[in-house]
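Quick note: the coordinates plus some simple rules give every number you see, no bench work behind them. The shown structure was predicted, so the numbers you read here are calculated from the model rather than taken from an experiment. Cβ atoms come from the backbone with ideal geometry, glycine included; neighbour counts cover every protein chain shown.
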Amino acid sequence: MGLFDTVHCEYPLPDARHQDLESQTKDLERLLDEYTVTRDGRLLRHARRGGRGPERDVEWPIHADLRIYDLDPSGDGGLLEYVVRFTHGRVEWIRPLAEASNAPGLPPPEDLGGAAPDTEMSLLANLRRERRDLEKLLAACDGHWGYEDPVYRFYHQSFKVYGLQGSTQAIVRTLQSLAPDRPLNPWFLEIVGSGTGKEFRPEDNARWTEVTRPIVEAFFHARFFLEMAVRYADLDSPPRPLPSGYAALLELFGLR
């Protein structure tokens, strides 16, 4: 049958007798994760035990139909199947599969009055609008002088590696402008903080990697997110399933 995810549904089902069933779905990431459809219609992805996956429960933004299924408790060996329609991360309705197949298709996000400024749809719109500037910045952080030479300067033990900090800060400012009302991921900000605001001092040569490696690391992380922003700037709606680079962008802006 392949991999699946488990879904617990607290949101009222059409038939209350099925409320406590533990359903499966293949419409998410199929990583054997556990989700809950909450009473107020949100989809939560639960933290996983054992060190892999999210360290905390996170709200999962979704604008799609989610099919969930379980064995029919009547004992006839068939499947009990429901479709949960989410619009902008909230349940619109839950219907048996037979009824849902006759329902109108999920409208595009713009036909639903638009998303709030801090939503995933707003981020996608900003990526599309700023795509040209994002591409220009990525080009400036690529090639010989923007990428090859600064990394070489680290290994050559040259003070010119300190110049990478300007590129990192420019990228961070640009990324933040894509969702100005959302704080960036705290781990990312910690990495950036450790790798910026440094001035070369002769005594740094005696502990070169300790001082300058954070500069290179911060640049690499910032450049990664910039590259992902360019790569997924042509999306009109959230992809399903989520590519890892796009999911990383959601993590950066606290949308996952």
*Residues 223, 207: which one is surrounded by 18 or more Cβ atoms within 10 Å (Cβ to Cβ) and either over 15 Å from the mean Cα position of the chain (by Cα) or more than 26 Å from residue 26 (Cα to Cα) (or both)?*
223
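For the range 111-213, which fully contained helices (runs of 4 or more DSSP H) count at least 1 residues that are over 30 Å from residue 63 (Cα atoms) and not basic (Lys, Arg)?
Values: elements: 120-129, 131-140, 149-155, 164-178, 186-194.
Of the helices (runs of 4 or more DSSP H) lying wholly inside the range 111-213, those with at least 1 residues that are over 30 Å from residue 63 (Cα atoms) and not basic (Lys, Arg) span 131-140, 149-155, 164-178, 186-194.
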*Take the range 244-256 and flag every residue that is surrounded by 14 or more Cβ atoms within 10 Å (Cβ to Cβ) and not charged (D, E, K, R).*
245, 246, 247, 248, 249, 250, 252, 253, 254, 255
*Going by the conditions given, is residue 179 of a type outside the set (Val, Ile, Thr), touching a Leu at 6+ places or on another chain (Cβ under 9 Å) and buried (at least 17 other Cβ atoms within 10 Å of the Cβ)?*
yes
